[in-house]
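The values are calculated or read from the model by the stated rules, or taken from the named source; none is laboratory data. Fair warning: this is a prediction, and the values are worked out from it, not measured in the lab. Cβ coordinates were reconstructed from backbone atoms using ideal geometry, including for glycine residues, and neighbour counts include every protein chain displayed.
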């Protein structure tokens, strides 16, 4: 391969990566720009790049304080943290059992578990509401947590089964020879090895919960319990025009925690996604 060919391929690769990065960054940058505008300026095409900081303060003050999005963001954090924790605590030993223990029909069980995750929410939202009312937990955080765990758990188990399958069974056998029980082998030996997978499973579950809207709309009525997506939906009303500058500000407020969290655990994300790629 000539030097020119290598240089050409490298240049094309970099150009493709730049285009992909721009495609990903542009909507976020445009959203932030719209959050700095007055409602009357939203229709300007292209929008002015000039940022009026007094308008920025006004928009974010309205979203965070006057419309109580701080409380909605706090609710989203609480629900997401609890659901992810429960899903990982239950899902990790469940995935270990399906991957390692000689359970009859474990592959069929795994397929069934995954199929539950792809059940459309619109088909089960009303039955979920009736179930939560029957349990007397409708319009409570518990009423959100129960269905969210039910939908997050299958994905967590399915992801972790793949990570456990990549670990040689000889490691388990060596631990058993040293006198470790299966539970101790899981906790002290295998969980540290599948930590990247646990992070990836937790991220996927957290993204689903943070963005979930339909079940929350059915289950939650109280303003003090609404999560960010439910509160954001309140911007759309047939009785009044949509404040697109406020909507853009809500979008930025919603994105910031996800971006900060992704950057904070970026190393684990890469390890989790690439785990098992090299045999």
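General remarks:
- Residue within the range 104-116 that is within 30 Å of residue 255 (Cα to Cα), out of contact with any helix residue (DSSP H, G or I) (no Cβ under 7 Å at 6 or more places or on another chain) and surrounded by fewer than 18 Cβ atoms within 10 Å (Cβ to Cβ) present: yes
- No other residue among 159, 167 is assigned to a loop (DSSP other than H, G, I, E, B) and surrounded by 15 or more Cβ atoms within 10 Å (Cβ to Cβ) apart from 167.
- Looking only at the range 170-188, and only at residues there that are within 28 Å of residue 84 (Cβ to Cβ) and surrounded by fewer than 16 Cβ atoms within 10 Å (Cβ to Cβ), the one that is farthest from the chain's Cα centre (by Cα): 181
- Residue check, residue 59 assigned to a helix (DSSP H, G or I), modelled with pLDDT of 75 or more, more than 25 Å from the chain's Cα centre (by Cα) and crowded, with 17+ Cβ neighbours inside 10 Å: yes
Yes/no matrix, rows are residues, columns are (1) at pLDDT below 85; (2) touching a helix residue (DSSP H, G or I) at 6+ places or on another chain (Cβ under 9 Å); (3) part of a helix (DSSP H, G or I):
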site: 172; (1), (2), (3): yes, yes, yes
site: 189; (1), (2), (3): no, yes, yes
site: 192; (1), (2), (3): no, no, yes
site: 201; (1), (2), (3): no, yes, yes
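- Against the conditions (1) exposed (fewer than 12 other Cβ atoms within 10 Å of the Cβ); (2) outside any helix (DSSP H, G or I); (3) at pLDDT 75 or above, residue 36 satisfies every one except (1).
- Listed by position, the helices (runs of 4 or more DSSP H) inside the range 63-156 whose residues that are at pLDDT 90 or above and within 16 Å of the chain's Cα centre (by Cα) number at least 3 are 69-100.
One line per residue, one yes/no per condition, for (1) surrounded by fewer than 17 Cβ atoms within 10 Å (Cβ to Cβ); (2) modelled with pLDDT of 70 or more; (3) over 19 Å from residue 162 (Cα atoms):
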| residue | (1), (2), (3) |
| --- | --- |
| 197 | no, yes, no |
| 209 | no, yes, yes |
| 217 | yes, yes, yes |
| 228 | no, yes, yes |
| 232 | no, yes, yes |
| 251 | no, yes, yes |
| 257 | yes, yes, yes |
| 268 | no, no, no |
| 279 | yes, no, no |
